[in-house]
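Down below is the structure, laid out as structure tokens.
The values are calculated or read from the model by the stated rules, or taken from the named source; none is laboratory data. Quick caveat: nothing in here was measured; it's all calculated off a predicted structure. Neighbour counts are summed over all protein chains in view; Cβ atoms, including those assigned to glycine, are modelled from backbone coordinates with ideal geometry.
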Amino acid sequence: MENLIEPYKIKSLEPIYWTSREERKEILKKAHLNLFFISSKNVIIDLLTDSGTGAMSANQWASLMNADESYAGSKSFDLFEQTVQEITGFKHVIPTHQGRSAERILLSQFKQNGEYIVSNTLFDTTRANSEDYGFKVLDIPCPEFFKDDEVHPFKGNIDLIALEKTLKEKSVALVILTITNNSAGAQPVSLENIKETKKLCQKYFVPLCLDACRFSENAWFIKKRESGFSKKTIKEIVKTSFDCADLTFVSAKKDGLSHIGGFLCVRESTLSENCKNRLILTEGFPTYGGLAGRDLEAVALGLREVLEESYLKHRIDSTAYLHQQLLEGGFPVLSPPGGHAVYIDAKKLLAHLPVSSYPGQALVSSLYEYAGIRTCEIGSVMFGKTLENGKEIYHNKELVRLCLPRRVYTKSHLNYVSNSLISFKEKELDKIRGIKIVKSSPFLRHFSSHFDWI
Ligand code: F0G
């Protein structure tokens, strides 16, 4: 990690504005302790998400001028389609404005096929869309994910034993593998696990879908951690992973290295036709799917740049560097480090707070107030729910995600984050109070809820 050097030079820049702690206290209060309501100008380091927040390359920016904005038959779509076909091996490529619209269109086609959507862990939008269509959802991450002290190389895997039992006993419409497993610590999924999942899906006649937002980061881990892959190129590993899937949807805001965009891919023409019919209702004509021609150009280039090993090495090393700093500073972080983010176990860090007082949200708010760092709760605010009888269901982990935008922050920004967090831990931890939900919404409540200190 001593050679953590950015494999790029900075050509264009954005200022960071400084705020005082007193100012941030006021800002936080006005935002009802919900960091999604805070203006980015009031954030010093923004680790809320890696979605659409990356820096585009000079080549991507240059490609925007060459884009073809024709409504139908745009040349930019041809480039986009050919690139996705080449990288994924899928024949039918359908563009969408972002990942969740791709998943919604795809899920709509499986409503009659079964009762359950089963996954290593569904992301929040996929879960909400599935439930909105009336599916029951079942997450079965591998047992190693819950063993905090165990360093397992692929904690993002699905539990194959539980999967077979589920496929045998329940009516399953679709199995979705999220690579990397965002809601489970950005942990990678091994190719062996993808292949075994495929075999089980074939045995029980259930399609396998990859939620492949971070397909290239996942391939990097396979190359580095799984035996037999060190000499394969990232492109080969990516292709082999996609070969196992019957369907895929991708948010291009992650490994598409773009600010907007997404796509879904299928192998059968009838399914493709049906998806396109729905696409026209909500996203637009199938040669732009809610995107401008310039977005299609940027994604087509981003999908190639993301396969570069120098880029991936720096990306994954940066996450590992921040993880190492926090580990040495005594933070309970999920280990080994995953792809796009470092996850702090808020239940362990704030052991004096019961789960009912949302330790993850308390930590997120406190870190913002202390150091102007915006992070995201991945715990019971995001995944819990209030039942009709008022009973609260809590999530299995209370995590705080420090998510690294792509090609945006340097090592000194990461040092600011780790130094601030360590000083926060030394000075303030015992004073942190719990949080209560004051106002909630039926879907994706982390985006819009209001909170207050208890
Ligand atoms: N699937 C996964 C695994 C994701 O991480 C996301 C988005 C989506 C689907 C939906 O894609 O945002 O383009 O509609 N994740 C972002 C995040 C929002 O912060 O992790 P989208």
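Taking (1) within 16 Å of the ligand (Cβ to nearest atom); (2) free of Cβ contacts under 8 Å to residues at least 60 places away in the same chain; (3) within 26 Å of Asn193 (Cα to Cα); (4) not aliphatic (A, V, I, L, M) in turn, Tyr133 satisfies each apart from (3). Being in contact with a helix residue (DSSP H, G or I) (Cβ under 9 Å, 6 or more places away or on another chain) and away from the ligand (no atom under 16 Å from the Cβ) is the filter here; which residues of the range 89-113 pass it? Of everything in the range 89-113, those that are in contact with a helix residue (DSSP H, G or I) (Cβ under 9 Å, 6 or more places away or on another chain) and away from the ligand (no atom under 16 Å from the Cβ) turn out to be Gly89, Phe90, Lys91, His92, Val93, Gln109. Counting only residues that are in a loop (DSSP other than H, G, I, E, B) and in contact (Cβ under 8 Å) with a residue 60 or more places away in the chain, the range 34-50 holds 8 of them. For the range 164-215, which positions are polar (S, T, N, Q) and touching a helix residue (DSSP H, G or I) at 6+ places or on another chain (Cβ under 6 Å)? Across the range 164-215, the qualifying residue is only Thr180. Looking at the range 157-179, is at least one residue part of a loop (DSSP other than H, G, I, E, B), more than 13 Å from the ligand (Cβ to nearest atom) and crowded, with 24+ Cβ neighbours inside 10 Å? Yes, some residue in the range 157-179 is part of a loop (DSSP other than H, G, I, E, B), more than 13 Å from the ligand (Cβ to nearest atom) and crowded, with 24+ Cβ neighbours inside 10 Å. Among the residues of the range 195-214 satisfying the criterion of being crowded, with 23+ Cβ neighbours inside 10 Å and under 16 Å from Ile161 (Cβ atoms), which is nearest to the ligand (Cβ to nearest atom)? If we take residues in the range 195-214 being crowded, with 23+ Cβ neighbours inside 10 Å and under 16 Å from Ile161 (Cβ atoms), then Thr197 is nearest to the ligand (Cβ to nearest atom). Determine whether Phe249 is within 16 Å of the ligand (Cβ to nearest atom), part of a helix (DSSP H, G or I), in contact (Cβ under 8 Å) with a residue 24 or more places away in the chain and among the hydrophobic types (A, V, I, L, M, F, W, C). Answer is no for this residue. Note on the range 36-55: residues that are buried (at least 17 other Cβ atoms within 10 Å of the Cβ), of a type in the set (D, E, K, R) and away from the ligand (no atom under 16 Å from the Cβ) amount to 0. Taken over the range 254-291, the criterion of being assigned to a helix (DSSP H, G or I), under 30 Å from Trp61 (Cα atoms) and either touching a residue at least 40 places away in the same chain (Cβ under 8 Å) or within 21 Å of the chain's Cα centre (by Cα) (or both) is satisfied by Lys276, Leu279, Thr282.
Here Ser251, Ser227, Ser241, Ser216 are screened, and the one residue that is over 27 Å from Met56 (Cα atoms), at pLDDT 95 or above and polar (S, T, N, Q) is Ser227. Scanning the range 56-95 for residues that are in a loop (DSSP other than H, G, I, E, B), crowded, with 20+ Cβ neighbours inside 10 Å and within 25 Å of the chain's Cα centre (by Cα) turns up Met56, Phe90. Of the residues in the range 353-373, at least one is assigned to a strand (DSSP E or B), touching a residue at least 60 places away in the same chain (Cβ under 8 Å) and not assigned by TED's automatic domain parsing to the domain that holds Val137. Return the residue satisfying two criteria in turn: it lies in the range 130-152 and is modelled with pLDDT of 95 or more and assigned to a loop (DSSP other than H, G, I, E, B), and of such residues it is nearest to Glu164 (Cα to Cα). Once the filter is applied, the top-ranked residue is Ile140.
For Ala62, are the conditions met, namely being touching a residue at least 60 places away in the same chain (Cβ under 8 Å), not assigned by TED's automatic domain parsing to the domain that holds Gly339 and not charged (D, E, K, R)? Considered against the rule, which asks whether it is touching a residue at least 60 places away in the same chain (Cβ under 8 Å), not assigned by TED's automatic domain parsing to the domain that holds Gly339 and not charged (D, E, K, R), Ala62 comes out as no. Against the test of being under 30 Å from Ile222 (Cα atoms) and of a type in the set (D, E, K, R), the options Glu131, Glu144 yield a single qualifying residue, Glu144.
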